[in-house]
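Enquirer: My questions all concern the structure below.
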Amino acid sequence: MRAMEISTTLTTEPKDDARLAEILESPGFGVHFSDHMFTAEWTPEEGWHAARITPYGPLTLDPATAVLHYAQEIFEGMKAYRHDDGSVWTFRPEANAERMVRSSHRLALPVLDPDDFIQAVDAIVEVDQRWVPDTEGEEKSLYIRPFMIATDRFLGVRPAKHVTFMVILSPAGAYFSRGPLPVTLWLSTEYTRAGRGGMGAAKTGGNYASSLLAQQEAIEHGCDQVVFLDGQELTYVEELGGMNMYFVYADGRIVTPALGTILEGITRSSIMDIAGKMGHPVEERRISIDEWRDGVTSGEISEVFACGTAAVVTPVGELKWDGGQTPEVTEAGEVTMKIRQALVDIQYGRADDTFGWMHRVC
Ligand SMILES: Cc1ncc(COP(=O)(O)O)c(C=O)c1O
């Protein structure tokens, strides 16, 4: 396939070394952005064109730009990792590229060829490679945010005829400031995240906008994150606002909610392979909230964890709801931490990449 032509205009004001070192020492999450950004445009006549890397900076958008009104937009989330020899790698970028194709279908946006997606990500990460933190034993990385927005200047409701794809980069430290300590979850019984035929499986901003009120409710109840049930029966566990879920059974099985109205996480799918290889039978099926509550109370479910690119694998502690909670959990479970370590070791090049998941950028 023909490679995309990308023009590059470098910034004349790159972040100076001392300030960059300061940022990479304690990057936080999603607050600092690298020196450059990638942009490409799409129209029905020209297809994808004008691919370019330019200095990072604000966009100028007409107030009538479609995405500002009807939220026709999708995004991805992935990371670049620096290995001990200085090389820079991404993790299963083709999986993000393919998920973006699925999201674009649901949001009536044009398809960006997965090869072009990977080329764009590689190109911008290579240009800003000094923004990929050295890990020094910590889980630092460069978070990569590709996104596609409807940039028509038009207030009619229809799929956009001008679309912009961009990639921006943001150095990231550990997602949860307290490290992999168990997080408490609030069970949302009023709000759901997705319904049948809706956008639950797409990575689109509206899903996150609709999760915010429930997340606020979780915080008000002293919890870290919200967990959503299915929109139809309010019975089956779906996922958190930004992570998939796993349940570890005392007999070694691990169970994750089936696909349909949840985001098909790349971490979720990787864990299926890793846990399977470790000898855990993996089940993808519906799991009811009662199975969760009863299971952790009786001990049949020995560990619960959440997973996603940003936080990797996060132990889940108590589940709270209006009028009750599951037994207290003070420590991360053994299986949780074993899976977490196996995944992180592959990502940081400390273990053999037997699944062929890592992609070298530079
Ligand atoms: C709603 C939601 N579920 C699950 C995930 C996990 O997906 P992934 O493992 O691809 O990061 C994410 C993204 O991080 C998400 O936003």
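The values are calculated or read from the model by the stated rules, or taken from the named source; none is laboratory data. Given the structure is predicted, the values throughout are model-derived calculations rather than measurements. A quick note on method: Cβ atoms are made from the backbone with ideal geometry, for glycine too, and the neighbour counts reach across all protein chains shown.
Enquirer: Please find, within the range 292-310, the residue that is surrounded by the fewest Cβ atoms within 10 Å (Cβ to Cβ) out of those that are within 16 Å of the ligand (Cβ to nearest atom) and not polar (S, T, N, Q).
Expert: 310
Enquirer: Which of the residues belonging to the range 75-94 are assigned to a loop (DSSP other than H, G, I, E, B) and within 13 Å of the ligand (Cβ to nearest atom)?
Expert: Once the filter is applied, which keeps residues that are assigned to a loop (DSSP other than H, G, I, E, B) and within 13 Å of the ligand (Cβ to nearest atom), the range 75-94 yields 76, 77, 92.
Enquirer: Restricting to the range 270-280, what's the tally of residues that are in contact with a helix residue (DSSP H, G or I) (Cβ under 9 Å, 6 or more places away or on another chain) and either crowded, with 16+ Cβ neighbours inside 10 Å or part of a loop (DSSP other than H, G, I, E, B) (or both)?
Expert: Number of matching residues: 6.
Enquirer: Need pairs with beta-carbon distance below 9 Å; first residue assigned by TED's automatic domain parsing to the domain that holds residue 308 and within 23 Å of residue 294 (Cβ to Cβ) and within the range 248-269, second within 11 Å of the ligand (Cβ to nearest atom) and modelled with pLDDT under 95; sequence gap 6+ or separate chains.
Expert: Pairs found: 262/193; 262/194.
Enquirer: Condition first: within 21 Å of residue 309 (Cα to Cα), away from the ligand (no atom under 15 Å from the Cβ) and among the basic types (Lys, Arg). Can you find one or more residues in the range 151-172 that meet it?
Expert: So far as the range 151-172 goes, no, none of its residues is within 21 Å of residue 309 (Cα to Cα), away from the ligand (no atom under 15 Å from the Cβ) and among the basic types (Lys, Arg).
Enquirer: While we're on this one: So for the range 255-272 (the condition being within 12 Å of the ligand (Cβ to nearest atom), under 22 Å from residue 192 (Cβ atoms), out of contact with any Lys or Arg (no Cβ under 8 Å at 6 or more places or on another chain) and among the basic types (Lys, Arg)), does at least one residue qualify?
Expert: yes
Enquirer: Within the range 299-328, work out how many residues are assigned to a loop (DSSP other than H, G, I, E, B) and either in contact with a Lys or Arg (Cβ under 7 Å, 6 or more places away or on another chain) or within 27 Å of residue 77 (Cβ to Cβ) (or both).
Expert: Total meeting the criteria: 4.
Enquirer: Now for a separate question. Could you list, in sequence order, the residues of the range 238-254 that are away from the ligand (no atom under 14 Å from the Cβ) and either surrounded by 23 or more Cβ atoms within 10 Å (Cβ to Cβ) or β-branched (Val, Ile, Thr) (or both)?
Expert: 247, 248, 254 - these are the residues of the range 238-254 that are away from the ligand (no atom under 14 Å from the Cβ) and either surrounded by 23 or more Cβ atoms within 10 Å (Cβ to Cβ) or β-branched (Val, Ile, Thr) (or both).
Enquirer: Here is a further query. Using the structure shown, decide if residue 283 is modelled with pLDDT of 95 or more, in contact with a Lys or Arg (Cβ under 9 Å, 6 or more places away or on another chain) and within 14 Å of the ligand (Cβ to nearest atom).
Expert: So residue 283 fails the test.
Enquirer: Determine whether residue 332 is assigned to a strand (DSSP E or B), closer than 16 Å to residue 182 by Cβ, out of contact with any helix residue (DSSP H, G or I) (no Cβ under 6 Å at 6 or more places or on another chain) and among the hydrophobic types (A, V, I, L, M, F, W, C).
Expert: no
Enquirer: Return the residues of the range 1-24 that are at pLDDT 95 or above and in a loop (DSSP other than H, G, I, E, B); say none if nothing qualifies.
Expert: Passing the criteria: 5, 6, 9, 10, 11, 12, 13, 14, 15, 16.
Enquirer: Can I ask one more? Being part of a strand (DSSP E or B) and surrounded by fewer than 23 Cβ atoms within 10 Å (Cβ to Cβ) is the filter; apply it to the range 220-237 and report the residue that is nearest to the ligand (Cβ to nearest atom).
Expert: So, considering only residues that are part of a strand (DSSP E or B) and surrounded by fewer than 23 Cβ atoms within 10 Å (Cβ to Cβ), the one nearest to the ligand (Cβ to nearest atom) is 225.
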